[in-house]
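To start, the structure itself, in structure tokens.
The values are calculated or read from the model by the stated rules, or taken from the named source; none is laboratory data. The shown structure was predicted, so the numbers you read here are calculated from the model rather than taken from an experiment. Glycine gets a Cβ as well: all are built from the backbone with ideal geometry, and neighbour counts include every protein chain shown. All accessible areas refer to the heavy atoms of the entire protein, side chains included, with ligands and DNA or RNA removed. Shrake-Rupley method; radii C 1.70, N 1.55, O 1.52, S 1.80 Å.
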Amino acid sequence: MIVAALSLFKDPVHALHEAARVLKPGGQIVIGILDRNSLYGDFYESRKKEGSFSSEAKFLSTAEVSGWLIQLGFEEIKTCQTLFKQPEKIERIELPQKGSGTGSFAVISARKTFCGFVD
């Protein structure tokens, strides 16, 4: 499980490669990201110059991370998302929805193939 940290790694593809290396065949990886192509992604990208915690982050998109997982030989890639509104406009718990593109926080899960992964 990698939650909200992948954007802080200097080489996120290498981190995913290492996760694939240590996972058993059929094992599952779960990744949580603040999607670069979202309301919150735009907000934190704009604050980088202010020296906030996000100044060192390289925010990623759901499509980018999913593509890397495919290249590494993962399968059964599924995504869900939440955080659809600005925090001050959230009136009740926002339940996750399948897919990506409208929510700011995305969860991507994938299964390591039984025949290994691509180096």
(Q) What figure, in Å² to the nearest 10, do you get for the accessible area of residue 30 with a 1.4 Å probe and non-protein molecules left out? (A) 40 Å²
(Q) In whole percent, and with a 1.4 Å probe on the protein chains, what portion of the accessible area of the chain is carbon and sulfur? (A) 57 percent
Q. Which net charge results for the neighbourhood of residue 78, defined as the other residues with beta-carbon distances under 12 angstrom from its beta-carbon, given Lys and Arg at +1 and Asp and Glu at -1?
A. 0
Q: Determine the per residue accessible area of the chain with all protein chains present and a 1.4 angstrom probe, expressed in square angstrom.
A: 62 Å²
**Q.** region 16-40 and region 72-112: distance between their alpha carbon centers, rounded to Å
**A.** 13 Å
Q. If you take all C-alpha pairs in the chain, what percent of them are over 16 Å apart?
A. 61 percent
